[in-house]
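The values are calculated or read from the model by the stated rules, or taken from the named source; none is laboratory data. Because the structure is predicted, anything quoted here is derived from the model rather than measured. Because the Cβ atoms are built from the backbone with ideal geometry, glycine has one as well, and the counts that use them run over all protein chains shown. Surface areas here come from the heavy atoms of the whole protein model, side chains and all, with no ligands, DNA or RNA. Shrake-Rupley method; radii C 1.70, N 1.55, O 1.52, S 1.80 Å.
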Amino acid sequence: MVLRCQVEVLYFAKSAEIAGIRSETISVPQEIKALQLWNEIEARHPGKDMNEIEEKSKDIIKFTAEKLSIDEVSQLVVSPLCGAVSLFVGTTRNNFEGKKVISLEYEAYLPMAENEIRKICSDIRQKWPVKHIAVFHRLGLVPVSEASIIIAVSSAHRTSSLEAVSYAIDTLKAKVPIWKKEMYEESSSSWKRNKECFWTASD
């Protein structure tokens with residue numbers, strides 16, 4: 001005869017959401033081991049993974065004339081499965097080669113730009129185990145100190161998201177058809193080509 005005992009199991013946070021209860025009492029053999037007890041708990045909640053809530057990965061891409069929010073973009077990639085969110089924020093600086101810059105103006109060929117960024121997201125997922133990716137780029141006038149681009153990546157560990165963000169901005173500048181005009185204080189302006197772009201590499 002196998003001696004049995006009553007064990008009260010308490011559920012907190014994510015496990016409580018998955019199980020749908022806060023506690024339950026189960027009858028188990030007195031000599032039960034921890035792994036056996038865990039298997040018993042999972043068997044009482046079939047079809048539910050007690051370790052992880054499934055969360056589909058997201059690639060969020062947006063071009064907008066509105067002011068970008070670092071908090072908004074970073075929150076879009078937050079995941080309970082991740083311990084790191086890495087960001088790149090590109091802002092308008094107030095000078096270029098001795099000239100005082102008052103703003104930048106951006107325009108893009110949107111169908112191609114969005115497609116190229118999706119390719120970058122796909123490449124990132126092949127290179128690093130990341131969860132969510134967000135790429136927001138501002139169009140039109142961007143005053144000094146305001147963000148023109150925000151890239152956010154979440155991952156379980158910081159190395160993956162840090163390397164992915166660096167790859168994303170470098171590749172975006174090289175491949176995505178976005179043009180920038182610098183507006184100077186002396187009422188002049190200049191369209192600036194990106195020297196990293198593949199279509200200017202032969203110049």
So is Pro80 closer than 30 Å to Val9 by Cα and either assigned by the TED database to the domain that holds Ile26 or not hydroxyl-bearing (Ser, Thr, Tyr) (or both) or not? yes
Residue by residue through the range 20-46, note down the ones that are open to solvent by 60 Å² or more (accessible area, probe 1.4 Å), charged (D, E, K, R) and farther than 13 Å from Glu8 by Cβ. Glu31, Lys33, Glu40, Arg44
How many residues of the range 70-105 are open to solvent by 40 Å² or more (accessible area, probe 1.4 Å), small (Gly, Ala, Ser) and touching a residue at least 60 places away in the same chain (Cβ under 8 Å)? The answer is 1
Are any residues in the range 29-62 touching a helix residue (DSSP H, G or I) at 6+ places or on another chain (Cβ under 6 Å) and modelled with pLDDT of 80 or more, and if so, which ones? Asp59, Ile60, Ile61
Please go through the range 80-101 and pick out each residue that is within 11 Å of Ser161 (Cβ to Cβ), out of contact with any Leu (no Cβ under 9 Å at 6 or more places or on another chain) and outside any loop (DSSP other than H, G, I, E, B). Val85, Leu87, Phe88
Among the residues of the range 124-142, the number that are open to solvent by less than 50 Å² (accessible area, probe 1.4 Å) and either among the acidic types (Asp, Glu) or within 21 Å of Phe96 (Cβ to Cβ) (or both) is 5
Regarding the range 149-162, can at least one residue be identified that is under 17 Å from Phe63 (Cα atoms) and more than 13 Å from the chain's Cα centre (by Cα)? yes
Exactly one of Lys62, Lys67 is assigned by the TED database to the domain that holds Ser154, assigned to a loop (DSSP other than H, G, I, E, B), under 24 Å from Asn115 (Cα atoms) and of a type outside the set (Asp, Glu), and that one is Lys67
